[in-house]
Amino acid sequence: MDFLDYTDKSPASYRVRMRKPEELTTIVCHQMGVGVWREDNPMFAKTRAHFVAQQSGRVIKNHDPLWRLRYGSGVINHCCITLECAGNYETSRGVWWKPESMGRSKLADHPKQVASARELVAQLCEDYPSITTITGHRAISRGKSGCPGPDLYREIVMWGVRELGLDEGPTLKGGAVIPDSWRAQSSG
């Protein structure tokens, strides 16, 4: 996995406190909703997530996973690691968020992104055995009904359930149910 450490570039104000390794129980998958940034865009360092999987397959580490972040995954920030996938991917309604300015990404065009995100999830589970759950942002926040979208959910979240034996996170109060169509068999 091609890896960049941006922890010195990412805003320290996003960090609340250090956690004990056993506090980490969940990985939350997000999509950025931006498919037009160049790989060297300095805004990646300001992404409110522990990690960003770029479409090229490169992974950026913005914060040590032991940092509890102020933003990203709402009511479960205390126990989760956030993984943002760069791109503006189609929602289950067949639309993109602001496609005229944010682009239209297709996950099938970015297999290295899927591979690196899966590799990262597997590595995090190895590094932090207390991680037992993986979910999508939608299940936590109803206002994020298209995040991470059906393709990322199927290829990363459901892959983690099937291949790593992780539990699929429940729909939390304030979240939106993950449609069954998002759980279709992944490509690998």
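The values are calculated or read from the model by the stated rules, or taken from the named source; none is laboratory data. What you see is a predicted model; the values in this text were computed from it and never measured. Backbone-built Cβ (ideal geometry, glycine too); neighbour counts: all protein chains shown. Note: areas computed on protein heavy atoms with side chains; ligands, DNA, RNA excluded. Shrake-Rupley method; radii C 1.70, N 1.55, O 1.52, S 1.80 Å.
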Within region 164-186, take every residue that is closer than 24 Å to residue 86 by Cβ and without any contact (Cβ under 8 Å) to a residue 40 or more places away in the chain and give me the one that is most open to solvent (accessible area, probe 1.4 Å). 183
Answer with yes or no whether residue 89 is open to solvent by 10 Å² or more (accessible area, probe 1.4 Å) and either within 20 Å of residue 178 (Cα to Cα) or in contact with a helix residue (DSSP H, G or I) (Cβ under 7 Å, 6 or more places away or on another chain) (or both). no
When region 142-188 is examined, which residues are found to be acidic (Asp, Glu) and within 15 Å of residue 93 (Cα to Cα)? 151, 180
Looking at residue 146, is it of a type outside the set (A, V, I, L, M) and outside any helix (DSSP H, G or I)? yes
Taking region 16-68 as the region of interest, how many residues are open to solvent by less than 10 Å² (accessible area, probe 1.4 Å), aliphatic (A, V, I, L, M) and either in contact with a Leu (Cβ under 6 Å, 6 or more places away or on another chain) or under 30 Å from residue 104 (Cα atoms) (or both)? 8
Can you name every residue in region 51-107 that is in a strand (DSSP E or B) and under 14 Å from residue 150 (Cβ atoms)? 85, 87, 89, 105
Here are the criteria: (1) surrounded by 18 or more Cβ atoms within 10 Å (Cβ to Cβ); (2) under 17 Å from the mean Cα position of the chain (by Cα); (3) not basic (Lys, Arg). Tell me which single one residue 96 does not satisfy. (2)
